[in-house]
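Shown next, in structure tokens, is the structure this report addresses.
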Amino acid sequence: MRIALHTALKAGSEAEYDAAHREVPPALVTAIRAAGATDWTIWRSGTDLFHVLECADYQALLASLEPLEVNRTWQTRMATMQAVTHDYSTAGGDAGLPVVWELANEPEENR
């Protein structure tokens, strides 16, 4: 499944956020992959962050990552920079941003 997320930075934390993502802890990368993610890309436009995550089961991924110390430490660090954070709890049933349109779903005659 593909999940899109939107988060936002506090003004002035853009450089710190970018720098942090040049140094993602290897243990966190391993944990994200072990939780089922096959890809995760983050784009930044000013303070807005747009994430696209590929995984088999998003809720299982969140449940797997949530209790891990390496993830909790990372999320605590990210929270100091973010104005809008992502809720890693599975209680909210977070499924990311709703899909509005997909080219792949257009009829063949429109291609």
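Summary of values
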| quantity | calculated |
| --- | --- |
| Any chance Arg22 is touching a strand residue (DSSP E or B) at 6+ places or on another chain (Cβ under 9 Å) and either surrounded by 10 or more Cβ atoms within 10 Å (Cβ to Cβ) or charged (D, E, K, R) (or both) | no |
| Positions within the stretch 1-56 being of a type in the set (Phe, Trp, Tyr) and under 24 Å from Val100 (Cβ atoms), in sequence order | Trp40, Trp43, Phe50 |
| Top-ranked residue of the stretch 58-82 - restricted to ones that are hydrophobic (A, V, I, L, M, F, W, C) and not in a helix (DSSP H, G or I), ranked as surrounded by the fewest Cβ atoms within 10 Å (Cβ to Cβ) | Leu68 |
| Failed criterion for Ser13 (all others in (1) in contact (Cβ under 8 Å) with a residue 60 or more places away in the chain; (2) under 15 Å from the mean Cα position of the chain (by Cα) hold) | (2) |
| Options Asp87, Asp94: the member that is in contact with a strand residue (DSSP E or B) (Cβ under 9 Å, 6 or more places away or on another chain), at pLDDT below 95 and part of a loop (DSSP other than H, G, I, E, B) | Asp94 |
| Qualifying positions in the stretch 1-50 - of a type outside the set (A, V, I, L, M, F, W, C), part of a strand (DSSP E or B), modelled with pLDDT of 95 or more and under 21 Å from Leu62 (Cβ atoms) | Thr38, Asp39, Thr41 |
| Filtered residue count, the stretch 57-79, keeping only those that are in contact (Cβ under 8 Å) with a residue 40 or more places away in the chain, more than 13 Å from the chain's Cα centre (by Cα) and under 13 Å from Ile32 (Cβ atoms) | 1 |
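The values are calculated or read from the model by the stated rules, or taken from the named source; none is laboratory data. Computed from a prediction, not measured in an experiment: that's the story for all the values here. When we count neighbours, we look across all protein chains shown, and the Cβ atoms used for this are built from the backbone with ideal geometry, even at glycine.
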